[in-house]
Amino acid sequence: MNVTDFLSETIDKSIRSLGQGSYERDAYDEHSVGDKNDLPSSEGSIPGQAFLLHRSLPVWSSRLCHKRGFSLNSAAKYRGNAIDVLTAVEVEEFRDILSSVITEEFPLTDDLQVPNCRDVINVGPIDPNRPLYSPGDWVEILGSDMIWRLDMITRVMSEAPDDWDWNDPNNDGRDPTWTFTYNAGDRRDIATEDLRSPEQGLKMIFGHRPWVWQQWAVLKLEQKIRFQEYHESDLKKMDIQQFATVLWNQWLNHPSNSEFKELFFDDRIGDKGRNELTHHIQKPFYLMDIIKEDNDEWNFEDDQDINVYTYSSCLGMLHPIALLSFILQLLLPFIIWNSYYCGKYEKSQSLERSEEKAKWLALLIYLYYFSTILPDAYYKMSSTVGSSDTVYSRLNSLRRNVWMKGCDTLIQQLFYKIDLFMNTAHISLLSMLNVYVLSKELEPINVVLDSLAFFFIARIDEEFARAQWWDPNRRWISAGAIEVVIQNVLNIPCLESIEKFSEVFDVPLEHVRAACHNDEMLLYNQELAKKDNHDSRFMTAREQINLMCGNIAEEQGNRDALSEYRVPHKDYSFMNKMLRYICPFFEQKGVFERFEEFYTW
């Protein structure tokens, strides 16, 4: 069965299912002709599956759900006081119906639903100023651990803009531009940006081809983006979403892609289906734009937990300060412990009164310690393992996902584990050692100094990263976060194996072999990548002009022009530059150079 036949069969089933009961969409249509007070708002929301009431209520209550999709409060208001005159049997039936509605909106573990193939397909027209998803729709939700999970929309909430004046006569009969949020599963008030259509549903309609494009587009992005301030392709200035959109349109309109284009613009898919695919496939590029631009959700400047190990964990490059911090945080506690344990620490026992003061002071520090520092340590541990809604936690979640895929470099792996250890086990060990040392101290002033010393040791890695000279404007950590997103998207095992690529992307094995000329490593070919990067057949007109300008600048020895038309190599530290000249064997790749061997177009 070809793609078009499969589309016809799947879409026809979807349209028939939608035609039998588009209750969610009808609910909003009826809102538009009702009273203004009945409009969905933050005070009156739409409960999940409430539209099922009209199918299960007996005849006496058919009017109750005439306006399908109202909240229970609105339904009761519409019914008036008629509920008071129901018989005992009818009241019991009504309670059963309400119970089923509540179970749908607030599902218990034993009542969780499993979607079928139709449930994960979202196609059809887009209603302007109406929610993109309706109660009962299945979507994927981005969690704080940066993993997309499937769940069902149970409630849609709408909110008018703050500057909308309901009392303005000019607004009579007009709808404000609603802002919609959603409830799904145990999550509440989810923004539209954190939702997307299920991947499996989209693949049933469009096949795997868009996800192959996504792999190619991410590699093209890494080739294009730069760590070069004031350049138009610098990570802070480049519009990543626009770049991806241009690549998508080029690919969609390519003559060799006419079959998919016909499928993409099929009327049965509608604007919603097309929007859901592009919205889904462009999510990684949207995330990278948010990381480099957003001052709220991804504000690296204000996060106090990002440390020097996090930088090396994301960038995959060594830095002498990270090594120095690691040595200090291990060596200083050992020196303090050794001084007390071996009895070499000089203690003043001349005054019994001084010893008593020291014990009382230690007790006060214990109280402070257990009421503030231990909870802070627990919170930091949760951020480190990626379970909190902080910048550091989300960044560590992305790193964990790359670790689980096995796509990170040796240096990334090393410093990721160091980051985990120093912010979990090491903090716990420091806490225990601090309690031990305070219990042995006899001088009051030393009790205070020892407490400050341990606090200082625990924060060495963060304090280095907070220094003004370390990373002005947080450019390096932004670059590292973007590189980690790229690693998350790329399926490296598939890109370097014909068999895995064929299996994952559902492409016949013989077609893959023919495309790569039987190269078992598929896209992983360093020599071919260098040739393809200078082959004008794989370039747009603008890329060809830039290549020619770069060649001319190189012939003229014009460094300024060369830095404009050629992507410069950027080392993370002076140590990386020294290694490159002294021992080329230990040379490390610069920023945005991690996947150069895969640039085989």
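Worth a mention:
- Additional length obtainable on full extension of the chain from residue 249 to residue 532, 0.36 nm per residue less Cα span: 99.7 nm
- The 3J(HN,Hα) values that the Karplus relation (6.51, -1.76, 1.60; θ = phi - 60°) gives for segment 514-526 are, in residue order, 5, 5, 9, 6, 6, 6, 4, 8, 6, 7, 7, 7, 5 Hz. Gly and Pro appear as x.
- Remark: the residue 519-residue 413 segment gains 35.3 nm on full extension, using 0.36 nm per residue and subtracting the alpha carbon distance.
- Interchain or long-range residues, amide H under 5 Å from residue 137's placed H: 153
- Taking amide H as placed 1.01 Å from N in the peptide plane, residue 599 has no amide H partner under 5 Å among residues 5 or more places away or on another chain.
- Dipole in debye (nearest 20) - segment 285-336, about Cα centre, beta carbon charges: Lys, Arg +1; Asp, Glu -1: 540 debye
- Placing +1 on the Cβ of every Lys and Arg and -1 on the Cβ of every Asp and Glu, with no other charges, gives segment 457-549 a dipole of roughly 480 debye about its Cα centre.
- Here the contact order of segment 117-182, divided by its residue count and restricted to Cα pairs under 8 Å and six or more residues apart, works out to 28 percent.
- From phi via Karplus (6.51, -1.76, 1.60), per-residue ³J(HN,Hα) for segment 399-412 in Hz, x at Gly/Pro: 5, 5, 5, 5, 4, 5, 6, x, 10, 9, 7, 4, 5, 4
- For the residue pairs 272/405; 417/500; 261/530; 220/570; 292/570, alpha carbon separations beyond 22 Å are given by 272/405; 417/500; 261/530.
Since every read-out is calculated from the coordinates, none of them should be taken as a lab result. Source: prediction; values computed, not measured. Virtual Cβ from ideal backbone geometry, glycine too; neighbours counted across all protein chains shown.
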